[in-house]
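For reference, the structure is listed below as structure tokens.
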Amino acid sequence: MSQRTFSSVAVGDVLPELVLPITPTLIVSGALASRDYQDVHHDKDLANERGSKDIFMNILTTNGLVGRYITDWTGPAGLLRRVDIRLGAPNYPGDTMVLTGEVITVAEDERDAAYGVVHIAVVGANDLGNHVQGTVQVSLPLKESA
Amino acid sequence: MSVDHSEALAALVGMSTGFPTVALDLVNEPMIRHWAEAMGDTNPVYFDAVAGVTAGLGGIVAPPTMLQAWSMVGLTGTLKRESSRGEKKDLENANDTMMRLLDEEGLTSVVATNCEQEYDRPLRPGERIAMRATIETISDVKKTGLGVGRFTTSLSEFFSVDESFPSDPSLRDAALAKAERVGTMRFRILKFAPQASAPAKPPRPKPALTQDNAFFFEGLNEGKLLIQRCTACATLRHPPLPACGKCESLEWDTIESKGSGEIYSFVVVHYPQVPSFDYPLPIALVALDEGTRIVANVSIDPEHIAIGQRVIARIETFDNDLSLPVFDLDTGA
């Protein structure tokens, strides 16, 4: 992973899209890695009983994927400060979620003078609509670290 | 909404949803690796201390978005919570009370709408995380796309604590006052009353079957349009009657009509509307070629229906068990 620096980022920069096939494996491994054992995230029969057509992705996985999408772009020194998401259409197996992002503002980082904060608008869309949309604040180092 | 718990709900705002909890596991590399693998996250700062140092983080850190994962109750806790659901009102915490009051208001469905996490700093393996949750807001009843409901926001605060953190839950709030906060999460849900879906169209009213008219409906069930005929004078009659209107004979049989005829008269019903039918609803009096008249539905655009139009019957089955003649425009085809 190469490291992006704050000075190389400008408002309007577009992040490369991330195409994620939504598989049962992704949903189940994400649920268990986040220690979320609610049956609707791993047991299709029980999900059906509760009125859902299939298992669906839990929110912690959505958070994790959004975080990964941002740090894939920033590189390892990118520090997530804030992930603020609105939840929409469920992610069901067989669907594909496409994550897109765009830099909306850049600012000084009040917490650390060696960083600048980048605000990114993120959308994760699947066949049903927007699974997630929101904004992420991530701090980038002003200079390449030694 | 017949029950209104606005006052009781307002009293819950600001209350913590129980004593602070401590994460079951310290922040640790195996859970970090499982998480990163599941997310497809190859960021080396989650695995490799050197990469963490190079990135200015001082070593391995946990993915910030794992914040909530550290506070999860695990499989055993989840099963325990599921099995005790709905028991023992005296043990419920403020969150349980809120959910129960909302249920009682008829807002029985729930959907998560927003999750807002803030990270004060990255977490490192070996840290012990404590969490406190508070009910932050409960909205008025709103109209939403899903139905009427209330939005509620819970605020979870995450702290890094050491091994001196009290095991006695009642002492933990005081301990948190001195602890370092490492992150927060605001979680908004909508508790709502699911909108009743549009009622299905009720079935058509069924005809009252009598000894006199049963042959007509039984014939339709077999795909035949049967017309009563007096065996004394051969006069056709419809609707079915016990006696011939011309010669008063009680003896009769039936003929099978070919279904051809012409519109003798018609009405187009706009009002009153019965839910089983589509409106505007054209109904015609059709003069059958065999020589009597029959009232039936016609599938001709109400704008274009006219007296004298040639029509031909087909038999349509409604609601899977009611067969009736319907007349189409006869184009001679």
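The values are calculated or read from the model by the stated rules, or taken from the named source; none is laboratory data. Since the model is a prediction, treat every value here as computed from it, not as a measurement. FYI the Cβ positions are ideal-geometry reconstructions off the backbone, even for glycines, and counts take in every protein chain you see.
Laid out as a table, the results:
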| quantity | calculated |
| --- | --- |
| Boolean, B:Arg81 is among the basic types (Lys, Arg) and under 21 Å from B:Met15 (Cβ atoms) | yes |
| Exclusive hit being facing another protein chain (nearest Cβ under 8 Å) and over 13 Å from the mean Cα position of the chain (by Cα), set A:Pro90, A:Pro76 | A:Pro76 |
| Search result, residues across the stretch B:29-53 that are in contact (Cβ under 8 Å) with a residue 24 or more places away in the chain and crowded, with 17+ Cβ neighbours inside 10 Å | B:Met31, B:Ile32, B:Trp35, B:Ala36, B:Met39 |
| Subset tally (residues that are within 8 Å of another protein chain (Cβ to nearest Cβ), closer than 23 Å to A:Ala125 by Cα and polar (S, T, N, Q)) for the stretch A:27-61 | 3 |
| Single residue of the stretch B:45-80 satisfying the filter (touching a Pro at 6+ places or on another chain (Cβ under 7 Å) and at the interface with chain A (Cβ under 7 Å from one of its Cβ atoms)) that is nearest to A:Asp39 (Cα to Cα) | B:Pro64 |
| Identity of the residue in the stretch B:16-44, β-branched (Val, Ile, Thr) and more than 9 Å from chain A (Cβ to nearest Cβ), that ends up farthest from B:Glu163 (Cα to Cα) | B:Thr17 |
| Test for A:Asn126: is it more than 14 Å from chain B (Cβ to nearest Cβ) and over 20 Å from B:Glu118 (Cα atoms) | yes |
| Top-ranked residue in the stretch B:136-189 [being of a type in the set (Phe, Trp, Tyr) and at pLDDT 95 or above; ranked as farthest from A:Val83 (Cα to Cα)] | B:Phe151 |
| Residue ID - modelled with the lowest pLDDT, chosen from residues in the stretch B:94-126 that are part of a loop (DSSP other than H, G, I, E, B) and over 30 Å from A:Asp112 (Cα atoms) | B:Thr108 |
| Single unsatisfied condition, B:Asp253 versus (1) surrounded by 15 or more Cβ atoms within 10 Å (Cβ to Cβ); (2) of a type outside the set (Ser, Thr, Tyr); (3) touching a strand residue (DSSP E or B) at 6+ places or on another chain (Cβ under 8 Å); (4) within 21 Å of B:Leu209 (Cβ to Cβ) | (1) |
| A:His131 being in contact with a Leu (Cβ under 8 Å, 6 or more places away or on another chain), closer than 28 Å to A:Ile59 by Cβ and modelled with pLDDT of 95 or more | yes |
| Failed item, numbered, when A:Leu99 is tested on (1) in contact with a Phe, Trp or Tyr (Cβ under 7 Å, 6 or more places away or on another chain); (2) within 11 Å of another protein chain (Cβ to nearest Cβ); (3) not acidic (Asp, Glu) | (2) |
